[in-house]
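Written out below as structure tokens is the structure these notes cover.
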Amino acid sequence: MAPLAGTDATLIVADVAVIGAGPAGIAAATRAAESGLRVVVLDRGLETGGQIWRHMSGGPVPRIAQHWIAQLSRSGAQVIHGTSVVDVQHEDAEFEILADSSGSALRVRAGRIILATGARELFIPFDGWTLPGVMGIGGAQALLKSGASFAGKRVIIAGSGPLMLPVAASLANSGAKLILVAEQARRSAVMRFAAGLWRAPALVAQAARYRARFLSTSYSTGTWVTAAHGADRLESVTVTNGRRTWREAVDVLCTGYGLIPNVELARLLGCETRDGAIAVDAQQRTTVANVLAVGEATGIGGAPLSLIEGEIAGSAVSPRARVSDALLRKRAALEIAARRMLDAFALRQELRSLPSAETIVCRCEDVSYGAVKDSVCARQAKLYTRVGMGPCQGRTCMPGLDFLLAWQPDTVRPPIEPALVSVLSSELADDAAASILFNSSVGDAYQ
Ligand SMILES: Cc1cc2nc3c(=O)[nH]c(=O)nc-3n(C[C@H](O)[C@H](O)[C@H](O)COP(=O)(O)OP(=O)(O)OC[C@H]3O[C@@H](n4cnc5c(N)ncnc54)[C@H](O)[C@@H]3O)c2cc1C
């Protein structure tokens, strides 16, 4: 998108604005646009596909991703990349979204919003986690997909959840020396979960395919990393299984304790959340009229569930508003598997004692665990220490602190993501006309 002069914002008017172009947003936008609605999709990423279908530019794209991205492009929905939504206001029957679009201000007016903002990793701080060489599990996957090399590096993956499997497989494939995959959940819980997957043979086959790629590496349940060590960068980690504690020499530690839904925009709009996810009804409607939510923002369940929820929401906003029973049945089955997964990979109590008083918890503002651990709530800790008030606005540290200290999430205020002051102070010029995005080829300029 061409940069805009001054502080004037570009205006786009649509029937439906979808925020997020991962599997959930793609499916929602496709079905809504196929019904004749004017649909605009905003995503901060530079490609369509979200976290899972992120791929190397020009590299191979998974077949299912190709299928959905082709459907989206045929549907007439307009996708605007490199665009972070930082605020959204509700006036009369219309929403106005403010976005930082590659440094320029973009305002989108729409009668309905579909939130498809996905999830991010949960990090629990421990001594040494800020050393170079320590990274998120999904972050490592993202680096691999963008062409980074881990060849010859000694790597440990430690954390929780099924995401460890594809990442271990990718790392092994890329030539990394995978030393250990440490899953904190108990063996009995993981085995029960695996045994219950007989209703989903495709998932079992997929897990077996991933495991086959790192068979020579131990996948240890009931095991976690308690500290990372090194002078200027990671050299070793301390690992425990609760009975025995030992050191492993490593170059890279990939760590993360599952995913947490991105609910900031929903909370800004006043949507209710339940167990940390956006609460939705059978048609994916939130508690705020004309705001729907889909995918991992409504609960962690994997890409197949995200796609189905997207289809349901896209059909629910269409003029005929007819959601097929088959889709509802498929969603119900996948939701059961998702709930069982959350139970199986529930975080153990011992992780609550991972950080020491000296452990840095907020990397942006350099705040230690000792400085915040006696605060009764996030608001108090912020006032005294500025924890969570740096550039990432607490997106990295606050969920971990909520887990460690049983804080309730603090209120959300705009901007929900870092944005240029010129974007935040932008206004629509008096003579601003809505972009003609839907009856000409102008939309192509944004793709
Ligand atoms: C780092 C990471 C890596 C992962 N890797 C894998 C993997 O390799 N294999 C696997 O099976 N699963 C992976 N997952 C899980 C996978 O993301 C989900 O199962 C699936 O992608 C969920 O689809 P979704 O559409 O709900 O969300 P996502 O795919 O996460 O899509 C959400 C989209 O919303 C956009 N967005 C969010 N907030 C804003 C905003 N304010 N403004 C603009 N855009 C916004 C994001 O840029 C993103 O593209 C990963 C998850 C994470 C967090």
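Based on this model, can you work out whether ALA142 counts as open to solvent by 60 Å² or more (accessible area, probe 1.4 Å) and modelled with pLDDT under 95?
no
Kindly establish whether SER324 is hydroxyl-bearing (Ser, Thr, Tyr), in contact with a Leu (Cβ under 9 Å, 6 or more places away or on another chain) and modelled with pLDDT under 95.
no
Would you be able to tell me the number of residues in segment 19-46 that are surrounded by fewer than 24 Cβ atoms within 10 Å (Cβ to Cβ), within 9 Å of the ligand (Cβ to nearest atom) and under 16 Å from ILE312 (Cβ atoms)?
Of the residues in segment 19-46, 0 are surrounded by fewer than 24 Cβ atoms within 10 Å (Cβ to Cβ), within 9 Å of the ligand (Cβ to nearest atom) and under 16 Å from ILE312 (Cβ atoms).
Among the candidates VAL372, VAL361, VAL387, VAL412, which residue alone is closer than 24 Å to ALA279 by Cβ and either touching a residue at least 24 places away in the same chain (Cβ under 8 Å) or open to solvent by 50 Å² or more (accessible area, probe 1.4 Å) (or both)?
None of the other options fit; the residue is VAL412.
In this structure, is LEU292 in a strand (DSSP E or B) and either more than 16 Å from the ligand (Cβ to nearest atom) or more than 30 Å from ARG386 (Cβ to Cβ) (or both)?
yes
From the list GLY314, GLY394, which one is in a loop (DSSP other than H, G, I, E, B), within 15 Å of the ligand (Cβ to nearest atom), buried (at least 16 other Cβ atoms within 10 Å of the Cβ) and under 22 Å from the mean Cα position of the chain (by Cα)?
GLY394
Sort out which residues of segment 74-94 are hydrophobic (A, V, I, L, M, F, W, C), away from the ligand (no atom under 14 Å from the Cβ) and under 19 Å from VAL294 (Cα atoms), and write them in order of number.
The answer is ALA77, and nothing else.
Please specify each residue of segment 264-285 satisfying the condition of being open to solvent by 20 Å² or more (accessible area, probe 1.4 Å) and in a loop (DSSP other than H, G, I, E, B).
Passing the criteria: GLY270, GLU272, ASP275, GLY276, VAL280, ASP281, ALA282, GLN283.
Is it true that GLN71 is surrounded by fewer than 23 Cβ atoms within 10 Å (Cβ to Cβ) and more than 9 Å from the ligand (Cβ to nearest atom)?
Criteria met by GLN71.
Can you tell me which residue in segment 245-264 is farthest from the ligand (Cβ to nearest atom), limited to those that are in contact with a Gly (Cβ under 7 Å, 6 or more places away or on another chain) and among the small types (Gly, Ala, Ser)?
Filtering first and then ranking leaves GLY258.
Any residue that is open to solvent by 40 Å² or more (accessible area, probe 1.4 Å), closer than 24 Å to GLY139 by Cα, out of contact with any Asp or Glu (no Cβ under 6 Å at 6 or more places or on another chain) and among the small types (Gly, Ala, Ser) - is there at least one of those in segment 246-257?
yes
Only residues that are closer than 20 Å to ILE124 by Cα and within 16 Å of the ligand (Cβ to nearest atom): list them for segment 265-289, please.
Those that are closer than 20 Å to ILE124 by Cα and within 16 Å of the ligand (Cβ to nearest atom): GLY276, ALA277.
Could you tell me which of the residues SER236, SER174, SER149 is in contact with a His (Cβ under 6 Å, 6 or more places away or on another chain) and farther than 20 Å from ALA344 by Cβ?
SER236
Does LEU351 satisfy the criteria of being at pLDDT 95 or above, surrounded by 14 or more Cβ atoms within 10 Å (Cβ to Cβ), away from the ligand (no atom under 16 Å from the Cβ) and part of a helix (DSSP H, G or I)?
It is true that LEU351 is at pLDDT 95 or above, surrounded by 14 or more Cβ atoms within 10 Å (Cβ to Cβ), away from the ligand (no atom under 16 Å from the Cβ) and part of a helix (DSSP H, G or I).
Among helices (runs of 4 or more DSSP H) lying entirely in segment 145-245, which contain 1 or more residues that are open to solvent by less than 30 Å² (accessible area, probe 1.4 Å), touching a strand residue (DSSP E or B) at 6+ places or on another chain (Cβ under 6 Å) and closer than 24 Å to ALA303 by Cα?
164-173, 187-195
Tally time: how many residues in segment 317-340 are open to solvent by less than 30 Å² (accessible area, probe 1.4 Å) and under 25 Å from the mean Cα position of the chain (by Cα)?
5
Hey, among ALA208, ALA195, which residue is farther than 20 Å from VAL167 by Cα and at pLDDT below 95?
The conditions single out ALA195.
Checking the condition within 15 Å of the ligand (Cβ to nearest atom), assigned to a strand (DSSP E or B) and closer than 16 Å to THR396 by Cα, which residue from ARG107, ARG120 passes?
Result of the check over ARG107, ARG120: ARG120.
So which of ILE52, ILE97, ILE64 ends up being among the aliphatic types (A, V, I, L, M), on the phi < 0 side of the Ramachandran plot and at pLDDT 95 or above?
ILE97
The values are calculated or read from the model by the stated rules, or taken from the named source; none is laboratory data. Here the structure is a predicted model, which is why all the values come from computation and not from measurement. Note: ideal-geometry Cβ built from the backbone for every residue, glycine included; neighbour counts use all protein chains shown. When the accessible area is computed, the model is the full protein with side chains, heavy atoms only, and any ligands, DNA or RNA have been set aside. Shrake-Rupley method; radii C 1.70, N 1.55, O 1.52, S 1.80 Å.
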